[in-house]
Amino acid sequence: MKRNLGLWRLMAFVAALSIVFGVVSCGTPAPAPEPEVVKETVVVKETVIVEVTPEPQEVIKETVVVKETVVVQATPEGPKEPIRIGTGQPLTGPVAWIGQYYNQGLTMAAEEINSEGGVLGHLVQIFPCDNEAVAEKALTCVRRLVDQDKVQMIIEMGSSSTTLAAMPLMEEYEVPFLAAIVSAPSITDNTGREGGNIWAFRSCAHDGMTLDPVAKYIIPQVDTISLIAWNSAAPREAAEELKQLLEAGGVEVLSVDYTEAGQADYRPVITRIKSLDPDGLWFSIVARDAAVFIRQWRELGMSEQKLFSGSNVVGYEFLEAIKDDPSLGEGITEATLYIPGLEPDFEERYLARWGTPADYIASAAHHSLRYVVATAAEMAVQDTGEVTPSSLRDALEKVSVEMPTFGLIEFDEYNQAHPDMAVMQIQNGEIVLLETISTE
């Protein structure tokens, strides 16, 4: 009886093991790679009493049971889907330098983000497209970026004209767009929640926001003024808006003229303005052209007028262009969004990377991707687990981030941010900050 009892115990023990390991093996198979199987030998000792005459004798029997322990290896996580950012810029043509600065800023921002592991593991890829600052080619760029490059977002179109031409198509594609340098008010004036283009955002201030403080700064200093602007959508809008603001403040606007990109001879328009003898001049001409303009302005004896500028004339590029005679820019005053010298670390990194000083365009491009878009992408991943055009757009609505130089970036009901701006002046060949202004 005792031997039978022992055998029953053994059988019960083995049966129990079978049940336990049978239950484990019924689980859902682990995905590839194949699980590692570790075989472990468990020795179960059983004591059996055998009746032997004349005295009982203890016999030790060993039963060997092989147990398989399944160790599931964690599947190595593959690369995450990249964040694909498109941009349309003039990479060729008379204003190709705009695209050059912009792409350098974007590239540097992407490099910095990726060197830190990307946005929660998602690396950033930049897809540039040359629109030559031509409206029709901007449409071609949008189609290529969305259909071929599969971008989840587009940053910038290089100019207000190309931006306004491309916005309806971006709305049709339902791909979010961020303007970082273009300033025509109409880009965001009608993009609110009620029937407007909800896919368009702008991180820089538009001319309607910046020109009011500009006018307030000019009005106490002059009684008469002439205006000159680059013949593009945003500068034209700015000139017309500023004219109305100045006239409302009691300043007589004697003339409004427009110039072309790369224009070599400004003497005819300068001669005409000289005959009007205004107290001041406001000129919104890109920095490279402004250097040509100011040389001819001085050559024709124009030295008494107060000079106010737009289009980021008061910056490193303009100073570099007149470095042979820094006095050419003496007294030029500008209200602008970018303050040279405020970010020495960024400026040093940019100079080391590209061999040229950072300007407003490069800074706006870099910061918009590095801070605004990266923050939105992180929010999109946290909220939805992925980065899609829709998740990025929804995240942009909620972005609240401090952007160096430009201040707090949040988007209002028209998807328009309200960054800070500054009044700067060229004094003795250097840029001096006079005051800061809120665009709220």
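Within 10 Å of each candidate Cβ there may be at most 14 other Cβ atoms; applying that plus a DSSP loop requirement, which GluC sites (Glu not before Pro) in segment 82-168 survive? It would help to have the intermediate numbers written out before the result.
Working: sites: Glu111, Glu112, Glu116, Glu132, Glu136, Glu156; in loops: Glu116, Glu132, Glu156.
Qualifying residues, ordered by number: Glu116.
So how much accessible area does Met302 have, in Å² to the nearest 10, using a 1.4 Å probe?
10 Å²
Which of rounded, prolate or oblate describes segment 72-146 when judged by the alpha-carbon gyration tensor and an a/c cut-off of 1.5? Could you put the intermediate results ahead of the total?
Values: a/c = 5.81, a/b = 2.21, b/c = 2.63.
Oblate.
Taking amide hydrogens as modeled 1.01 Å from N in the peptide plane, which residues meet the under 5 Å criterion relative to Ile83, leaving out close sequence neighbours?
Leu123, Val124, Gln125
Going by accessible area, probe 1.4 Å, with all protein chains left in place, what is the ranking of Leu139, Leu211, largest first?
Correct descending sequence by accessible area is Leu139, Leu211.
Using modelled amide H (1.01 Å from N, peptide plane; none on Pro or chain starts), what sits under 5 Å from the amide H of Ile409, excluding residues fewer than 5 places away?
Residues meeting the amide H criterion: Val401, Glu402, Met403.
With a 1.4 Å probe and every protein chain left in place, tell me how much accessible area Arg267 has, in Å² to the nearest 10.
Arg267 has an accessible surface of roughly 100 Å² with all protein chains in place.
Give me the accessible area per residue for segment 100-213, probe 1.4 Å, as a whole number in Å².
35 Å²
Sequence neighbours fewer than 8 away in the same chain don't count; with that in mind, list the aspartates and glutamates whose C-alpha is under 18 Å from Lys150.
Glu81, Asp130, Glu171, Glu172, Glu174, Glu386
What is the percent carbon and sulfur in the accessible area of segment 101-153, measuring with a 1.4 Å probe over the protein chains and ignoring ligands? Working shown, then result.
Values: 1150 of 2190 Å².
C and S atoms contribute 52 percent here.
Please list Arg84, Arg144 in order of solvent-accessible area, largest first, computed with a 1.4 Å probe with all protein chains present. Write out the running numbers ahead of the final one.
Details: Arg84 50, Arg144 80 Å².
Sorted descending by solvent-accessible area, the residues read Arg144, Arg84.
What share of the DSSP beta bridges in segment 70-163 is antiparallel, in percent to the nearest 5?
Percent antiparallel among DSSP bridges in segment 70-163 is about 10.
Just how large is the dipole of segment 188-265 about the Cα centre, in debye to the nearest 20, putting +1 at every Lys and Arg Cβ and -1 at every Asp and Glu Cβ? Write out the running numbers ahead of the final one.
Working: 5 positive and 13 negative charges, 69 e Å.
Dipole of segment 188-265, to the nearest 20 debye: 340 debye.
Which value, in debye to the nearest 20, gives the size of the charge dipole of segment 315-359 about its Cα centre, when Lys and Arg are +1 and Asp and Glu are -1 at the Cβ?
Dipole magnitude for segment 315-359 comes out near 140 debye.
Decide, for segment 101-214, between rounded, prolate and oblate: order the square roots of the alpha carbon gyration tensor eigenvalues as a ≥ b ≥ c, take rounded if a/c falls under 1.5, and otherwise choose prolate if a/b is larger than b/c, else oblate.
Because a/c hits 1.5 or more and a/b exceeds b/c, segment 101-214 counts as prolate.
With +1 on each Lys and Arg Cβ and -1 on each Asp and Glu Cβ, how big is the dipole of segment 353-417 about its Cα centre, in debye rounded to the nearest 20?
For segment 353-417, the charge dipole is close to 340 debye.
Once each part is reduced to its C-alpha centroid, what is the distance from segment 147-185 to segment 211-289 in angstrom?
Between the Cα centres of segment 147-185 and segment 211-289 lies a distance of 29 Å.
Could you tell me which of rounded, prolate or oblate describes segment 139-200, using a ≥ b ≥ c as the square roots of the eigenvalues of the alpha-carbon gyration tensor, with rounded for a/c under 1.5 and, failing that, prolate when a/b is larger than b/c and oblate otherwise?
The shape class here is oblate.
Past the 31 Å Cα-Cα mark, which pairs from Lys80/Lys398; Lys137/Lys216; Lys216/Lys274?
Pairs exceeding 31 Å: Lys137/Lys216.
Distance from the Cα centre of segment 354-432 to that of segment 301-329, in angstrom?
Taking the Cα centre of each part, segment 354-432 and segment 301-329 sit 28 Å apart.
Can you give the accessible area of Asp257 in Å² (nearest 10), computed on protein heavy atoms with a 1.4 Å probe?
30 Å²
The values are calculated or read from the model by the stated rules, or taken from the named source; none is laboratory data. No experiment lies behind these values; they were computed from the predicted model shown. For neighbour counting, all protein chains shown are included, and Cβ atoms are generated from backbone atoms with ideal geometry for every residue, glycine included. Keep in mind that these areas ignore ligands, DNA and RNA; they rest on the heavy atoms of the full protein, side chains included. Shrake-Rupley method; radii C 1.70, N 1.55, O 1.52, S 1.80 Å.
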